[in-house]
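Chemist: I'd like to ask some things about the structure below.
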Amino acid sequence: MNAPDLLDRLLEHDAWTTGRVLELAGSLTDEQLDRDFDVGHRTVRRTLVHMLRNVEVWTDLMLARPVRRPPGARTAMGELRGRLEAALGEFARTARQARDAERLNDRYVDVLDEPPRQKSYGGTILHVLTHDHLHRGEILHMLERLGLTGLIEGDVLGWESARAAGAAASSPRDRQAGPSSP
């Protein structure tokens, strides 16, 4: 039996779940995006900006390149979504390259630390994934308090169920059968 790679599962869950949170947040007005709460980075938008910044900075550090400019505090949702999806894709490629090259225990230099310190690729990858999970939970809490319904739980088992349901609905047998009759 070919067991799925845990890193791939975590990366796919991270991207899918963050995408769902972005879809939900995309329905909010600017006032709702910027409403102050007593959790996380206090607003949905600031928490998303923080998540984006985290993914970009750690990816840049692992790739030993200059750190990108941070997004603005009032970045529009369309820009946030595009930039976050791109950052998550690049992060996933970087994580898989580290795994495939058997470098998860290797170290790179975090030049933002004072003084600069070495950190492992594997530790950094897990930090980003757990950091995203924490902040998605905070955003989902804010969305619930804003009155949104149809929220996801955001856990890996929920993602697996949604993925399996999507795969079943798009199986070749279903596509060939066409619409069912009443």
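Chemist: Which shape class applies to the chain: rounded if a/c is under 1.5, otherwise prolate when a/b exceeds b/c and oblate if not, where a ≥ b ≥ c are the square roots of the Cα gyration tensor eigenvalues?
Modeler: On the way: a/c = 2.28, a/b = 1.20, b/c = 1.91.
Since a/c reaches 1.5 but b/c is at least a/b, the shape of the chain is classed as oblate.
Chemist: Long-range amide H contacts for T43: which residues qualify at under 5 Å (H placed 1.01 Å from N, peptide plane, sequence gap of 5 or more or a different chain)?
Modeler: Close amide H contacts, sequence-distant or interchain: F37.
Chemist: Could I ask something else about it? Apply the Karplus curve 6.51 cos²θ - 1.76 cosθ + 1.60, θ = phi - 60°, to the phi angles in the range 158-164 and return the couplings in whole Hz, x for Gly and Pro.
Modeler: With the stated coefficients, the range 158-164 comes to x, 4, 4, 4, 5, 5, 5 Hz.
Chemist: Next up: Per residue of the range 10-17, what does 6.51 cos²θ - 1.76 cosθ + 1.60 with θ = phi - 60° give for ³J(HN,Hα)? Whole Hz please, x for Gly and Pro, Karplus curve as stated.
Modeler: Each residue's phi maps through the Karplus curve to give 5, 5, 5, 4, 4, 5, 5, 5 Hz.
Chemist: Same structure again: Give, in nm to one decimal, the length gained when the segment between E79 and R103 is fully stretched (0.36 nm per residue of separation minus the Cα-Cα distance).
Modeler: On the way: separation 24, 0.36 × 24 = 8.64 nm, distance 3.26 nm.
Full-extension gain reported as 5.4 nm.
Throughout, read-outs are computed from the coordinates displayed, never taken from laboratory work. Since the model is a prediction, treat every value here as computed from it, not as a measurement.
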